[in-house]
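Input: a single structure, listed below in structure tokens.
The values are calculated or read from the model by the stated rules, or taken from the named source; none is laboratory data. Remember, it's a predicted structure, so these values are computed and weren't measured experimentally. Positions of Cβ are backbone-derived with ideal geometry, glycine not excepted, and every protein chain shown enters the neighbour counts. Side chains included, ligands, DNA and RNA excluded: accessible areas come from the protein's heavy atoms. Shrake-Rupley method; radii C 1.70, N 1.55, O 1.52, S 1.80 Å.
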Amino acid sequence: MIDRPSPNYAPRPAGTDIDVLVLHYTELPLKESLDVLSDPQRPLKVSAHYVLAEDGTLYRLVPEDRAAWHAGRSYWRGREALNASSIGIEIVNLHGDHHDYPPKQIEALIELCQGIIARHPAIMPRNVVGHSDIAPQRKVDPGLRFPWQALAAAGIGLWPKAGARLVDGDIQQALQRFGYPPPTEVAGSEIVKAFQRRFRPQRVDGEADLQTRALLGGLLDQLGGGA
Ligand SMILES: [Zn+2]
């Protein structure tokens, strides 16, 4: 791991539990990514805890006990402004809808995430999210080609279980039960699309069809009584 400190951070508010892990793609090559994420002059200052290069090299920009500025306006499971309680990883990829993530990079990512989760056990599987999950009105990263299922198989985040009862009734209520924001800033179909981006990237159409309802059921089924 290479330390490459960024000045763009804030103290975590007192008593904050680190309980969310947010995955991003950079949309920029490595060098530009590191520059932007440590530039104190930009009108909108941004950063992340880690940047992961395509060859698996890991850069640490902000220590985990400080808040990095990666999530922006965001929402998950009833909470907003998730920078305070989250860890953010920027994965170098120009656009995860169009470019695969190299296996070496994903291997390194899995190792990094497993370490983070071990250090912060409050990051339960349902709290491992993509930027597109927590800001569906404006973000699509980490993109359609991000291997969420492989991460879930390595204990990082959830993947729908087959054979669960499908969600009937109000799809938005069910999406909110999993964590998604209510459709106050965008149409409900945009929230469905955010869900599909992650769990059914083959067809992102915003339709709450039977397969979408089955996938969501297969996630909610894993949450137990507290869902
Ligand atoms: Zn992002």
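Considering the stretch 126-156, and only residues there that are more than 16 Å from the ligand (Cβ to nearest atom) and open to solvent by 10 Å² or more (accessible area, probe 1.4 Å), the residue that is nearest to L21 (Cα to Cα) turns out to be R126. Could you tell me whether any residue of the stretch 17-32 is away from the ligand (no atom under 16 Å from the Cβ) and either over 24 Å from L151 (Cα atoms) or among the basic types (K, R) (or both)? Taking every residue of the stretch 17-32 in turn, at least one turns out to be away from the ligand (no atom under 16 Å from the Cβ) and either over 24 Å from L151 (Cα atoms) or among the basic types (K, R) (or both).
Scan V36, V46 and give me the residue that is open to solvent by less than 40 Å² (accessible area, probe 1.4 Å), out of contact with any strand residue (DSSP E or B) (no Cβ under 8 Å at 6 or more places or on another chain), within 16 Å of the ligand (Cβ to nearest atom) and without any contact (Cβ under 8 Å) to a residue 12 or more places away in the chain. After ruling out the rest, the residue left standing is V36. Annotation: of all residues in the stretch 98-125 being under 30 Å from E185 (Cα atoms) and not in a helix (DSSP H, G or I), the one that is least open to solvent (accessible area, probe 1.4 Å) is I123.
Since V92 meets every condition but one in (1) away from the ligand (no atom under 15 Å from the Cβ); (2) touching a residue at least 60 places away in the same chain (Cβ under 8 Å); (3) farther than 21 Å from I18 by Cα; (4) buried (at least 22 other Cβ atoms within 10 Å of the Cβ), which condition does it not meet? Against the list (1) away from the ligand (no atom under 15 Å from the Cβ); (2) touching a residue at least 60 places away in the same chain (Cβ under 8 Å); (3) farther than 21 Å from I18 by Cα; (4) buried (at least 22 other Cβ atoms within 10 Å of the Cβ), V92 comes up short only on (1). Within the stretch 153-164, residues that are closer than 12 Å to P125 by Cα sit with their Cβ atoms under 6 Å from residues that are assigned to a loop (DSSP other than H, G, I, E, B), at 6+ positions apart or across chains, in these pairs: L158/Q222. When the stretch 9-21 is filtered for residues that are touching a residue at least 40 places away in the same chain (Cβ under 8 Å) and out of contact with any Leu (no Cβ under 7 Å at 6 or more places or on another chain), the ones remaining, listed by number, are Y9, A10, P11, R12, P13, T16, D17, I18, D19, L21. Within the stretch 55-79, the set of residues being closer than 25 Å to Y180 by Cα and within 16 Å of the ligand (Cβ to nearest atom) comprises A67, A68, W69, H70, A71, G72, R73, S74, Y75, W76.
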